[in-house]
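Down below is the structure, laid out as structure tokens.
The values are calculated or read from the model by the stated rules, or taken from the named source; none is laboratory data. In this text, all values refer to a predicted model and were calculated from it rather than measured experimentally. Using ideal geometry, Cβ is built from the backbone for each residue, glycine included, and neighbour counts are taken over all protein chains shown.
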Amino acid sequence: MTGQPHGGSPVPTPPAVGARGTRGCVVVLTILAATGVGLGIWRWLSSPVPVDPPNPPDIADAEIRRAVDDARAAVTAAPRSADAWGRLGMVLLAHIYEREPDLCFAEATRLDPTDPRWPYGRAIIVLKRDPEAAISHLRQAAAGPPSQLRSTAKVQLAEVLLDRRELDEAEQLFREELRRSPGNARAVYGLGLVALARGDDAAAVAQFESARQSRYARKLAAIQLARLASVRGDRDSAARYEKEAAQLPLDPSWPDPFVDAVRGFRVGARARFEEADQLEQRERFAEAAELFLAEVRDRPTARAFVGAGINLLRVGRLDEAIPLLREGVGRDPTNAQAQYFLALALFTRAEVEYQHSPQSTREQFGEVRDHARRAAELKPDHARAYLFWGLSLKYLGEPAAAVEPLRKGVACRPEEFELQLALGEALLVAGQAKEAENHLENARLIDPKDPRPARAIERLRPRKE
């Protein structure tokens, strides 16, 4: 019987829980589920998706053009794939584009904010020209579970903060990385810079001595140690570190998994040049020469000719190197490196021929003079260009004229043995005995085992008496 309140409409009795009630719940839940899925689909469909991924119009290299087109096609096929967008960005970045890769990495970050690669990619694009803008990207890349890339981002962030004199946070980040990876030379070197900024020279020395054991920081650490020794008045240690730094090649770049991955996308001439650079660093000069020679055959650019010539010179194939270097200079007369190595190659050949026929080499030494002088004009701190400029004048019988370029070379690199010796000998022949002795003594101190400075000093004694 249905109940009825006073003076009101009938109130329906709630249905009994049973088969009918169960079906009703299922219907309601189905509707709710469908509504939720529909809402999700609507949101997915309505999310902003760039229709046209970036496409630089100025790509002349056919291999690069194909690589970019393939990567763009992958984005078009899967426009909501962070990996597809990120890969396109890496392909573009591998070939020295900046604006377009940044757009790609921004979209990849929006699609997958947890992947550290994409904010890190944005950071390295702006790092040199706008470190402030890189900070937020580096913070995002460094956040999350430990990984090699997140560690690299953290140390990069610490270095940017150090440049901003935010020493406490920089030190904290360096120490966090050392706890995760004991002996990390980049973090150790960073702590040395923090100590240096705080005026704690003793702590800085300890950190730089430790970092100096790494192949990635030998030259940098030696330079810092030379400066610190000079500040505390330890001239012997300063000279030792300065000599060490001068003799060391440039430190290789710090390891970076993202940059390594980007290099893997390089194709065409850029890929060949990159591979040749790696071979040169490992002193595999003959193999590097072959890569440059292949580039000469396919795309005969000034860089290809010069690279082939330099590496053939390094393995003693002078007759092949000289015409290649001449062609490189002809195609790019403003290339200081090409001018210098052509001068070096010509000098090497002329010096050998001079032993048998001095008169026949005048023209060659004249060429050496011209190319070395041009290299020095293009790059005024090129110490060895001044060396061969001066040496060529000595062979041309103009020792007094050789003094000026050799003085400039010594001013650039006072620790260079050959420059001190050449200047001392030129001054000796020019009759400037006192100054000659100074530079010959400098050369003797730089390399006590070489007998030439002592022999030249012996020639001074009769004049002094």
> Using beta carbons and a limit of 7 Å, which pairs, at least six apart or on different chains, have the first residue in region 243-256 and part of a loop (DSSP other than H, G, I, E, B) and the second one modelled with pLDDT under 85 and surrounded by fewer than 17 Cβ atoms within 10 Å (Cβ to Cβ)?
Replying inline: Pro252/Gln281
> Which ones in region 445-465 are surrounded by 16 or more Cβ atoms within 10 Å (Cβ to Cβ) and at pLDDT below 90?
Replying inline: Ile446, Ala456, Ile457, Leu460
>> Just the residues that are farther than 26 Å from Glu377 by Cβ, among the aliphatic types (A, V, I, L, M) and in contact with a helix residue (DSSP H, G or I) (Cβ under 7 Å, 6 or more places away or on another chain), please, taken from region 307-360.
In response: Val315
>> I'm trying to understand the selection: among the residues of region 178-206, which are in contact with a Phe, Trp or Tyr (Cβ under 9 Å, 6 or more places away or on another chain) and charged (D, E, K, R)?
In response: Arg186
>> Restricting to region 350-362, name every residue that is assigned to a helix (DSSP H, G or I) and either out of contact with any Ser or Thr (no Cβ under 6 Å at 6 or more places or on another chain) or crowded, with 16+ Cβ neighbours inside 10 Å (or both).
In response: Ala350, Glu351, Val352, Tyr354, Pro358, Gln359, Ser360, Thr361, Arg362
> Quick one: in region 57-87, which of the residues that are modelled with pLDDT under 90 and in a loop (DSSP other than H, G, I, E, B) is surrounded by the most Cβ atoms within 10 Å (Cβ to Cβ)?
Replying inline: Ile59
> Where residues in region 88-110 are charged (D, E, K, R) and either over 26 Å from the mean Cα position of the chain (by Cα) or assigned to a loop (DSSP other than H, G, I, E, B) (or both), which of them is farthest from Gly264 (Cα to Cα)?
Replying inline: Arg110
> Filter region 106-154 for residues that are among the β-branched types (Val, Ile, Thr) and either free of Cβ contacts under 8 Å to residues at least 60 places away in the same chain or in contact with a Leu (Cβ under 6 Å, 6 or more places away or on another chain) (or both); which is farthest from Gly86 (Cα to Cα)?
Replying inline: Ile135
> Any idea which residue in region 180-209 is farthest from Arg240 (Cα to Cα), counting only those that are among the charged types (D, E, K, R), surrounded by fewer than 19 Cβ atoms within 10 Å (Cβ to Cβ) and modelled with pLDDT of 95 or more?
Replying inline: Arg198
> If Leu378 satisfies every condition in (1) surrounded by 18 or more Cβ atoms within 10 Å (Cβ to Cβ); (2) within 28 Å of the chain's Cα centre (by Cα); (3) within 26 Å of Leu293 (Cβ to Cβ); (4) of a type in the set (A, V, I, L, M, F, W, C) but one, which is the exception?
Replying inline: (1)
> Using beta carbons and a limit of 7 Å, which pairs, at least six apart or on different chains, have the first residue in region 184-205 and of a type in the set (S, T, N, Q) and the second one part of a helix (DSSP H, G or I) and surrounded by fewer than 19 Cβ atoms within 10 Å (Cβ to Cβ)?
Replying inline: Asn184/Leu178
> In this structure, does Thr301 turn out to be crowded, with 16+ Cβ neighbours inside 10 Å and out of contact with any strand residue (DSSP E or B) (no Cβ under 6 Å at 6 or more places or on another chain)?
Replying inline: yes
>> For the condition part of a helix (DSSP H, G or I), in contact with a Gly (Cβ under 7 Å, 6 or more places away or on another chain) and not polar (S, T, N, Q), what is the one hit in Phe365, Phe347, Phe341?
In response: Phe341
> Restricting attention to region 409-441, which residues are assigned to a helix (DSSP H, G or I), surrounded by 18 or more Cβ atoms within 10 Å (Cβ to Cβ) and charged (D, E, K, R)?
Replying inline: Glu418, Glu425, Glu437
> Residues Glu244, Glu290: which one is of a type outside the set (Val, Ile, Thr), surrounded by fewer than 17 Cβ atoms within 10 Å (Cβ to Cβ) and either closer than 30 Å to Ala202 by Cα or touching a helix residue (DSSP H, G or I) at 6+ places or on another chain (Cβ under 9 Å) (or both)?
Replying inline: Glu290
> In this structure, is Asp370 over 21 Å from Pro323 (Cα atoms), surrounded by fewer than 19 Cβ atoms within 10 Å (Cβ to Cβ) and among the charged types (D, E, K, R)?
Replying inline: no
>> Filter region 57-75 down to the residues that are over 25 Å from Asp298 (Cβ atoms) and out of contact with any helix residue (DSSP H, G or I) (no Cβ under 9 Å at 6 or more places or on another chain) and list them by number.
In response: Ala73
> Can you name the residue in region 368-385 that is charged (D, E, K, R) and assigned to a helix (DSSP H, G or I) and, of all such residues, is farthest from Val329 (Cα to Cα)?
Replying inline: Arg384
>> Any residue that is outside any helix (DSSP H, G or I), without any contact (Cβ under 8 Å) to a residue 12 or more places away in the chain and either closer than 25 Å to Glu283 by Cβ or not small (Gly, Ala, Ser) (or both) - is there at least one of those in region 386-408?
In response: yes
> Which residue pairs have Cβ atoms under 7 Å apart, sit 6 or more places apart or on different chains, and have a first residue in region 258-269 that is farther than 9 Å from Ala94 by Cα and touching a residue at least 40 places away in the same chain (Cβ under 8 Å) and a second that is crowded, with 21+ Cβ neighbours inside 10 Å and hydroxyl-bearing (Ser, Thr, Tyr)?
Replying inline: Phe258/Tyr120
